[in-house]
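Here the structure comes first, spelled out in structure tokens, and everything after it is commentary.
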Ligand code: AMP
């Protein structure tokens, strides 16, 4: 009993310490760097609909979307060193090492449109990424879109993209018009095997971030297993 009590007290002290550190970093950033960024994080498993919902949030808040997945795919198609280094991790459904991701983020946040904060999509995905992020920008809200694993697999494996317009379709839920069906492509990491591996990475490395942000009092949970418009409306309610 004593041990349980003392470990609870210790945990409480750790949380208070962590909160004070965050407060200190926040004050330091504002006072010494004159930096007043405040960002929103879209959080959830791959295929939860973060990209789709980002469009609605951008419209409401004016924050630019920063998707590390999109940035990595762009780096890969340009053939940059970073893109080539990330390739094997992405194709295996594993997380790209934190150092590479943080390089991308640091560069992106130097751009003019990011000065008042951004909408992160798919970042942070590990505790070290979240800790580094807290030194660069305030996170005012973390919107966690929850969807059960089996629905995720069905959503991702059936996902197809029109390479000409970038529009996303689904073989069952949103079939493409017959005239463009033949040109649709499937992302290399959208196979069932890779999706299962991405879900494993999510549960072991990313899901613990929910507790991290819960303790900081900024986590909001949304049921992502409803139609897109209902998910959007639940998110918009959080933003007003
Ligand atoms: P996404 O499009 O967000 O599902 O990302 C596609 C892939 O890019 C992931 O499966 C990872 O391999 C990699 N990736 C994207 N964002 C991150 C991140 N923040 N940390 C590590 N790997 C990432």
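None of the figures in this text is laboratory data; all of them are computed from the coordinates on show. Bear in mind that the values here come from a model prediction, so they are computed numbers and not experimental data. Positions of Cβ are backbone-derived with ideal geometry, glycine not excepted, and every protein chain shown enters the neighbour counts.
Before moving on, here are some points about what is shown:
- Cα centroid separation, the range 48-96 to the range 163-234 (Å): 12
- Taking every DSSP helix (H) stretch of at least 4 residues in the chain, weighting each as -39,500 (n - 2.57) and dividing the sum by the residue count yields a mean residue ellipticity at 222 nm of -16500 deg cm²/dmol.
- Against the chain, whose longest principal axis comes from its Cα atoms, helix 81-91 is set at around 80 degrees.
- The three principal axes of the C-alpha atoms in the chain carry coordinate ranges of 64, 47, 39 Å, sorted with the longest axis first.
- For the pair residue 70 and residue 94, a Förster radius of 22 Å applied to the C-beta separation gives a FRET efficiency near 0.75, rounded to the nearest 0.05.
- Scaled to the globular estimate 2.2 N^0.38 Å, the Cα spread of the range 66-115, given as radius of gyration, is 1.12.
- Here r is the Cβ-Cβ distance between residue 85 and residue 5 and R0 is 41 Å; the resulting FRET efficiency, rounded to 0.05, is 0.30.
- Net length gained if the chain between residue 192 and residue 214 were fully extended (0.36 nm per residue, minus Cα distance): 4.8 nm
- Residues of the range 170-210 with amide N under 15 Å of the 7 Å Cα→Cβ point at residue 149: 192-208
- Overall dimensions of the range 120-240 as given by Cα atoms, namely Rg and Dmax in Å: 16.7, 50
- Taking a point 7 Å out from the Cα of residue 179 in the direction of its Cβ, the residues of the range 153-170 whose backbone N falls within less than 20 Å of it are 161-170.
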